[in-house]
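K.L.:
Quick one: the structure is below, and I'll ask about it shortly.
The values are calculated or read from the model by the stated rules, or taken from the named source; none is laboratory data. The structure presented is a predicted model; accordingly, all values stated were derived computationally and were not measured. Counting neighbours? That spans all protein chains shown, and the Cβs are built from the backbone with ideal geometry, glycine included. Ligands, DNA and RNA are excluded from the accessible area calculation, which covers all protein heavy atoms including side chains. Shrake-Rupley method; radii C 1.70, N 1.55, O 1.52, S 1.80 Å.
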Amino acid sequence: MKLVVMTPSTFFVEEDKILTTLFEEGLENLHISKTDTSSQYMKRLLQLIPEKYHRHITLHHDFQLRDDYRLAGIHLSSLDAQPPQGYKGRIGRTCTNIMRLKAVRKTADYVFLGNLQGKEGEEGESRPHTSLIGEELWEAKRQGLLQRNVYAMGQLGLGDVAMVKELGFGGMVVGDDLWRKFDIQHAQDFRQLIRHFRNLLKASD
């Protein structure tokens, strides 16, 4: 099963160092999604990441940079969003409605099925396991909707990897579960984050 890392929503000082280290550790699918859509900051981040890793990066905005930096592709975060006119590269989409998943799969190379809740919340508190493996998901599995090009996305972490695999997803998107291991405002030592990524990568293999 593939592992996708989603960046925090804001740019931060140590970001290029952490992302480069994640690539060195085996990351093959990075999605950059920011609330600040300034092309200047995006270009700066891409320039600081070694060029050999650019082919593993997907953008959620600033789509024109995809060709400039030879990136993996673009991701459309809403169902009504359209790719730039004339765009012919790899396209991903986010879908939060299982009932629409089959149709959305036909319009993209892969789909993130969003809003899933894992076993742990933001501070590690326990959640009912059924919040991730509800009947809707099992029915989607029975209907063959959860295929290799459908990735699980939401408040998911290390403890959810096995179930995501069992449901038949082709991959899992991790964000908060990883970035909670590092204080982007104050910390400089990101070794705990890297150790957690190694565990995620091993579990998803």
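K.L.:
Against the condition open to solvent by 20 Å² or more (accessible area, probe 1.4 Å) and within 19 Å of Leu113 (Cβ to Cβ), how does Ala162 come out, does it pass?
P.N.:
So Ala162 passes the test.
K.L.:
Pick from the range 67-91 the residues that are among the charged types (D, E, K, R) and farther than 15 Å from Gln47 by Cβ: which of them is surrounded by the most Cβ atoms within 10 Å (Cβ to Cβ)?
P.N.:
So, considering only residues that are among the charged types (D, E, K, R) and farther than 15 Å from Gln47 by Cβ, the one surrounded by the most Cβ atoms within 10 Å (Cβ to Cβ) is Arg90.
K.L.:
Which one of Thr35, Thr21, Thr58, Thr107 is more than 26 Å from Leu137 (Cβ to Cβ) and out of contact with any Phe, Trp or Tyr (no Cβ under 9 Å at 6 or more places or on another chain)?
P.N.:
Thr35
K.L.:
All but one of (1) over 21 Å from Ile91 (Cβ atoms); (2) open to solvent by 30 Å² or more (accessible area, probe 1.4 Å); (3) at pLDDT below 95 hold for Arg180; state the number of the condition that does not hold.
P.N.:
All conditions pass for Arg180, except number (3).
K.L.:
On to the next question. What about Ala140, is it modelled with pLDDT under 95, outside any loop (DSSP other than H, G, I, E, B), aliphatic (A, V, I, L, M) and under 29 Å from Ile74 (Cβ atoms)?
P.N.:
The answer is yes for Ala140.
K.L.:
OK, next. Can you confirm whether the range 78-91 contains a residue that is under 22 Å from Phe182 (Cβ atoms), over 16 Å from the mean Cα position of the chain (by Cα) and among the acidic types (Asp, Glu)?
P.N.:
No.
K.L.:
Residues being touching a Ser or Thr at 6+ places or on another chain (Cβ under 6 Å) and open to solvent by less than 10 Å² (accessible area, probe 1.4 Å): count how many of those fall in the range 8-33.
P.N.:
Selection size over the range 8-33: 2.
K.L.:
Let me ask something else. Report whether or not Pro50 is under 24 Å from Met153 (Cβ atoms) and not β-branched (Val, Ile, Thr).
P.N.:
Spelling it out, it is not the case that Pro50 is under 24 Å from Met153 (Cβ atoms) and not β-branched (Val, Ile, Thr).
K.L.:
Considering only the range 1-108, give the helices (runs of 4 or more DSSP H) lying wholly within it that have at least 1 residues that are over 22 Å from Val164 (Cα atoms).
P.N.:
By residue number, 15-25, 39-48, 65-68.
K.L.:
I need the full set of residues from the range 160-204 which are in contact (Cβ under 8 Å) with a residue 60 or more places away in the chain, within 24 Å of Val111 (Cα to Cα) and among the charged types (D, E, K, R), in order please.
P.N.:
Answer for the range 160-204, where residues must be in contact (Cβ under 8 Å) with a residue 60 or more places away in the chain, within 24 Å of Val111 (Cα to Cα) and among the charged types (D, E, K, R): just Lys165.
K.L.:
Ok, one more. Report, by residue number, each residue of the range 8-25 that is touching a residue at least 40 places away in the same chain (Cβ under 8 Å) and touching a strand residue (DSSP E or B) at 6+ places or on another chain (Cβ under 9 Å).
P.N.:
Leu22
K.L.:
Take Leu145 and decide whether it is over 21 Å from Ala72 (Cβ atoms), assigned to a strand (DSSP E or B), at pLDDT below 95 and open to solvent by 10 Å² or more (accessible area, probe 1.4 Å).
P.N.:
no
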